[in-house]
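These notes are about the structure you will find just below.
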Amino acid sequence: MVTQQDNSGGPPVGRTEDRRLLTGFGRFVADLDLPNQLFACLLRSPHAHARILSIDVAAAQNALGVKGVYTAADLAAAGLSDMPQTKMWMPAGPAVPSRPLLATDTVRHVGEGIVFVVAASLGDALNAAQLVEVEYDALAPIVDMRAASEFCFDWEEGDREATEQAIAGAAHVTSIETVINRIAVSPLEPRAAIGEYGSSAGYRLHVQSQGVHHIRNVLADTVLDIPRDRIQVFTGDVGGAFGMKVSAFPEYALVLYAARQLGQPVKWVSDRAEAFLSDTHGRDQIMSVQLAFDGDRRIVGLQASKLSAMGAYVTGDGPEMATNQFAKVFGHTYLVPAMHVRVRGVVTNTVPIAAYRGYGKPEAISVVERLIDRAAREMGVDRIELRRRNLIPEASMPYTNTLGKTYDCGAFERIMDAALQRAGWDGFAKRKSAAAARGMARGIGVGLSLQMTMGIPKEISEVALSPDGAVVVRTGMQACGQGHETTYAQLVSDYLGVPFGAVRVEQGNSAHLPDGVGTGASTGLTVGGTTIYRTTEKLVEQCRVQAADHLEAAVDDIVFNKGRFVVAGTDRHVDLFELARAIEADGSGACVARLQLDSNLETTPNGAYVAEIEVDPETGATTLIAFTAVNDLGQVINPALAEGQIHGGIAQGVGQAMIEDVIYDAATGQLLTGSFMDYCLPRADDLPSLLCATEGIPTTNTPFGAKGAGEIGAIGAPAPILNAIADALGNDGFDMPTTSEAIWRALADAGDQA
């Protein structure tokens, strides 16, 4: 992919992880085999909604190689609790079903676990699972959220009265009803877990995660009801996560329970078909949104009413994604004097919804950007000029919008102009004419992007000097492909003045630190990096005192410079590792610092994207011809890693906009897109060369000016694609994904109306 980098800031350091990961030496959960290990599988429900009348496991228990067959009754007898669900905004209406580790009397989605089988080999476990006899009383499922009657929350934010008055008195109101398609997260590495138990050591869980402490806390505090120090969670390499692997899943508790029962390690690895049925999904909302303008074409009000599917059970992330995280960026990059959002969550007989890359923001950004283009068409004005008239000025930063969300810094108009220039916006008419001569409809679209990263850290970091010449960095963050080992080592080596290779980053062990929030919402650098940076500062200050004692000088006379403590005005000095060795030798302590921050680290990475597409009017087939992205990521620490994050996010945004869609059969609740034969992920030939650039405005909310990069591409990519297709068609009567069929129908509908 062709890229261009401006204002990159950081040195071109290659990823230290790549040699291990690309040569087959990565350590993923499925690669781990423990002595005396057993293997597990789940018998999953073939029904979307049914009562369980009986379960007969006798034949399975007597099958070859079987060590244990467990049902919900066994778990209840052992005192295990259900998975925790969010309690915020729960209404006083119908009870929201609690999520059991294994189904009790009712199954609520296809793929829900019913029986957990453990055997000497995976083949034995799978064979035994087929011998379990379950009698069901099938019930009618609810798949379409519009038919759902079980509301799990009704949430709103903003001034409803002021917004409704603004809309009622507006010179022009543009409205849209749109569906946000459900997404299967589909990380490269399916979920897996290995449980161990020892009476003295307690539980040990090997699992992919985005932070071991959250998994530990959920299992210890709720499911197992044990002290946190009785369970240790390990995460090695992670083959993609995208928000899904933040959460604890029932299988993680099941392998721990079975390991305790059987006295042997128990391993469970999901296959891809099982992942479609049991992993959480993303998005899945229906929105009605109104955008109002005065006579000068300035925005006066913005209102949204949303229905959000939670799936069969309400996860901890589902409501937060649909509500707070959506509202965080609903005002987007525009001056909006009145805003109101109402969200109702409903329970359906589908896989539960949880976090997915962007965490509620792509839904908000895509609908607002579509409304801006639609309003421009309706009012007969230029879409760029309409944006320019309503953008928050750079001089107004920091800016607090009417929902109380504060943007730290940004130059939205400048970023938009840079993207338009790089994309050749002014020369599009010539390219459109050339396409028309070939019988193709060509369109161009712009979309601004905005992210607000999570900013209240709970993260704890530790930085220690080892006498052997290494700096050991311990973090509760977890790399899932982002390159944390490289970035964190860059920050520490630069601050301490030690070789990059001398810094060793340790993550994925809950025993190393008392707690941690983990990686998510673009916090790997802003929260994790800042905590490590401030901990490194603390280490230097602590070592300054120790260096003063070692050099027999006053602390105020000690200066730290390029890895050495120097007595000011003299040549007397001691380097970091020499000091560490001296302290170890005299038994006076260790050169180590630990820190948890309590400051606000929230940042607002943003960008402007331009997409150019061609549509075949005969078939509706749509091709993404060009994609230009200009991003404000603040100060970029490592250009190559930032570029990779942007590319990956854009690819997932393209998938959301054009091809990805989880589909259930409305009558039976069966998953119709249960494999990659039916569920289409973006391939190399779906993506053009990406022209990516950065024009950063460094933030003061992090010590090194970085804003975060992980989600901005996924947040911003759908809107320009949708607007480009609307430009080609002359209307936007379609929803995501913009498959050939969807666009062909939009063309047909437009023809019928004409």
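For Asp373, state whether it is over 26 Å from the mean Cα position of the chain (by Cα), more than 19 Å from Ala327 (Cα to Cα), among the acidic types (Asp, Glu) and open to solvent by 10 Å² or more (accessible area, probe 1.4 Å).
On the way: over 26 Å from the mean Cα position of the chain (by Cα): yes; more than 19 Å from Ala327 (Cα to Cα): yes; among the acidic types (Asp, Glu): yes; open to solvent by 10 Å² or more (accessible area, probe 1.4 Å): no.
So Asp373 does not fit the description; no.
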query = Would you pick out the residues in the range 559-612 that are acidic (Asp, Glu) and touching a residue at least 60 places away in the same chain (Cβ under 8 Å)?
reply = Glu584, Asp598, Glu602, Glu612
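I'd like to check something: does the range 293-307 contain any residue that is assigned to a loop (DSSP other than H, G, I, E, B), among the acidic types (Asp, Glu) and in contact with a Gly (Cβ under 9 Å, 6 or more places away or on another chain)? Don't jump to the end; show me each part of the working.
Filtering the range 293-307 for residues assigned to a loop (DSSP other than H, G, I, E, B) gives 294-298.
Narrowing the set further to residues that are among the acidic types (Asp, Glu) leaves 294, 296.
Narrowing the set further to residues that are in contact with a Gly (Cβ under 9 Å, 6 or more places away or on another chain) leaves 294.
Scanning the range 293-307, I find at least one residue that is assigned to a loop (DSSP other than H, G, I, E, B), among the acidic types (Asp, Glu) and in contact with a Gly (Cβ under 9 Å, 6 or more places away or on another chain), so the answer is yes.
Hey, does the range 328-336 have a residue that's open to solvent by 20 Å² or more (accessible area, probe 1.4 Å) and either on the phi > 0 side of the Ramachandran plot or small (Gly, Ala, Ser) (or both)?
Within the range 328-336 (the criterion being open to solvent by 20 Å² or more (accessible area, probe 1.4 Å) and either on the phi > 0 side of the Ramachandran plot or small (Gly, Ala, Ser) (or both)), the answer is no, since none of the residues qualifies.
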query = Which condition breaks for Val463 when tested against (1) in contact (Cβ under 8 Å) with a residue 12 or more places away in the chain; (2) open to solvent by 20 Å² or more (accessible area, probe 1.4 Å); (3) among the aliphatic types (A, V, I, L, M)?
reply = (2)
query = Taking the range 703-730, which residues are within 15 Å of Ala364 (Cβ to Cβ) and among the small types (Gly, Ala, Ser)?
reply = Ala714, Gly716, Ala717, Ala719
note = Scanning the range 598-635 residue by residue, those among the aliphatic types (A, V, I, L, M) and open to solvent by 10 Å² or more (accessible area, probe 1.4 Å) turn out to be Ala621, Leu624, Ile625, Ala626
ask   = Which pairs have Cβ atoms under 9 Å, sit 6 or more apart or on different chains, and link a residue in the range 391-403 that is part of a strand (DSSP E or B) to one that is open to solvent by 40 Å² or more (accessible area, probe 1.4 Å)?
value = Leu391/Leu335; Leu391/Glu413; Tyr399/Leu335; Tyr399/Pro393; Tyr399/Thr406; Thr400/Thr406
task = Considering every residue within the range 129-136, establish whether at least one is among the hydroxyl-bearing types (Ser, Thr, Tyr) and under 35 Å from the mean Cα position of the chain (by Cα).
result = no
request  = Name, by its number, the condition in (1) over 29 Å from Asp727 (Cα atoms); (2) among the β-branched types (Val, Ile, Thr); (3) open to solvent by less than 30 Å² (accessible area, probe 1.4 Å) that does not hold for Val555.
outcome  = (3)
inquiry  = Yes or no: the range 126-137 includes at least one residue that is over 30 Å from Ala375 (Cβ atoms), open to solvent by less than 40 Å² (accessible area, probe 1.4 Å), among the small types (Gly, Ala, Ser) and modelled with pLDDT of 95 or more.
reply    = yes
request  = Select from the range 570-584 the residues that are open to solvent by 90 Å² or more (accessible area, probe 1.4 Å) and over 45 Å from the mean Cα position of the chain (by Cα) and write down the one among them that is farthest from Leu539 (Cα to Cα).
outcome  = Asp571
task = Specify which of the listed residues (Val381, Val341) is open to solvent by 20 Å² or more (accessible area, probe 1.4 Å), modelled with pLDDT of 95 or more and not in a helix (DSSP H, G or I).
result = Val381
remark   = Checking Thr623, Thr628 in turn, the sole residue that is part of a strand (DSSP E or B), without any contact (Cβ under 8 Å) to a residue 60 or more places away in the chain and of a type in the set (Ser, Thr, Tyr) turns out to be Thr623
For Met321: the one exception among (1) outside any helix (DSSP H, G or I); (2) crowded, with 24+ Cβ neighbours inside 10 Å; (3) not β-branched (Val, Ile, Thr) = (1)
Among (1) assigned to a helix (DSSP H, G or I); (2) open to solvent by less than 10 Å² (accessible area, probe 1.4 Å) - the single one Gly358 does not satisfy = (1)
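The values are calculated or read from the model by the stated rules, or taken from the named source; none is laboratory data. For clarity, every value in this text was computed on a predicted model and none was experimentally measured. Cβ coordinates were reconstructed from backbone atoms using ideal geometry, including for glycine residues, and neighbour counts include every protein chain displayed. Calculation scope for accessible area: heavy atoms of the full protein, side chains included, ligands and nucleic acids excluded. Shrake-Rupley method; radii C 1.70, N 1.55, O 1.52, S 1.80 Å.
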